[in-house]
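Take a look at the structure below.
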Amino acid sequence: MTGQKPKLPQPEPVAIAVDTCAVLVLDGSQRWSNPDLPCHKLVPGIKKFLDRAREAGLPIIYTISARQKGKPEGQVCSELMRRPAEPVIYPDGFNKFTGGELQSFLNLYGVDTLIITGYRSNISVLNTATKATRELKYNVIIPIDGMTAKTDYEQEYTLFHFTVLPAQAAELFTFTMLDMISFQ
């Protein structure tokens, strides 16, 4: 088995019911504007996807690290064109449900399905998506091209990790690409 690549999730087309779905942009801070950082490569695809999600009427919620609150880098990446009605929360944890504010917004919108995007797939995306499925019973859709990590290794390992989570958690995620998501 040495030298074999791990089995990674394969993206598939997904049709979203717009009245019960929300988009999460995890750790989508102003640092995404820095072309020297790996998160910058997310900007074009996520911006295009957010425009489509807005047109379809999906709620969009941004998270930014609590330690960045009140600092210039604590703003949502300006290239994503955040609208005033799109909430920004600052949870103090890798799992963005920490503190309960995210759950409150999702309850307000009557959501049962989450499209989770963002930076630090191996930290924020993995922890938030796992909490959302295993404990909170959300349907979770993960666009593979809508998340990234600091290194290619971390990204690949995260995708592999999603496929081997215990207690059938791996079966609770749907993997897709941003352009493979349609709205109903």
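Just so you know, all these numbers are worked out from the coordinates, no wet-lab data involved. Quick caveat: nothing in here was measured; it's all calculated off a predicted structure. When we count neighbours, we look across all protein chains shown, and the Cβ atoms used for this are built from the backbone with ideal geometry, even at glycine.
Some points to look at:
- Taking every alpha-carbon pair under 8 Å whose residues sit at least 6 apart, region 14-183 reaches a relative contact order of 28 percent.
- Residue with peak Gaussian network fluctuation, the chain [Cα springs, cutoff 10 Å], from Leu126, Leu50, Leu136: Leu136
- Charge context of Gly118, other residues only, Cβ under 11 angstrom, K/R +1, D/E -1: +1
- Per-residue packing, averaged as other Cβ atoms within 10 Å, sorts the ranges 108-114, 58-64 into the order 58-64, 108-114, beginning with the highest.
- What the phi angles of region 114-125 give under the Karplus curve with 6.51, -1.76 and 1.60, with θ = phi - 60°, is a coupling list of 10, 9, 9, 10, x, 9, 6, 3, 6, 10, 5, 5 Hz, glycine and proline written as x.
- By other beta-carbon atoms within 10 Å, ranking Phe160, Phe173 with the fewest at the front produces Phe160, Phe173.
- Protection proxy ranking of 145-154, 75-84 - average other beta-carbon atoms within 10 Å, highest first: 145-154, 75-84
- For the chain, built as a Gaussian network whose Cα springs stay under 10 Å, the top-fluctuating residue of Pro91, Pro143, Pro72: Pro72
- For the chain, the calculated P(r) over all alpha carbon pairs, in 5 Å bins from 0 to the bin holding the longest distance, is 1, 8, 18, 23, 22, 16, 8, 3, 1, 0, 0 percent.
- Antiparallel bridge percentage (DSSP; both residues within region 14-183; nearest 5): 5 percent
- The phi-based Karplus calculation (6.51 cos²θ - 1.76 cosθ + 1.60; θ = phi - 60°) puts the 3J(HN,Hα) values of region 61-66 at 10, 9, 10, 9, 3, 4 Hz, whole numbers, x for Gly and Pro.
- Each helix, a run of at least 4 DSSP H residues, gives -39500 (n - 2.57); summed and divided by the residues of the chain, these come to -6500 deg cm²/dmol at 222 nm.
- Residue-wise HN-Hα coupling along region 79-96, computed from phi with Karplus coefficients 6.51, -1.76, 1.60 (Hz; x: Gly, Pro): 5, 7, 6, 4, 8, x, 7, 8, x, 10, 10, 10, x, 9, x, 5, 7, 6
- Euclidean distance of C-alpha centroids, region 126-184 and region 82-104, integer Å: 18 Å
- Count of lysine pairs in region 1-118 with Cα separation under 23 Å (8 or more residues apart, or interchain): 7
- Across region 145-184, counting alpha-carbon atoms alone, Rg and Dmax equal 12.1, 35 Å.
- Take the Cβ atoms of Tyr153 and Gln184, set R0 to 35 Å, and the FRET efficiency comes out at 0.40.
- Paramagnetic reach from Lys41 (point 7 Å along Cα→Cβ, amide N under 13 Å) across region 111-133: 120-121
- Near-label residues of region 13-43 by backbone N, under 17 Å of a point 7 Å along Cα→Cβ of Glu79: 25-43
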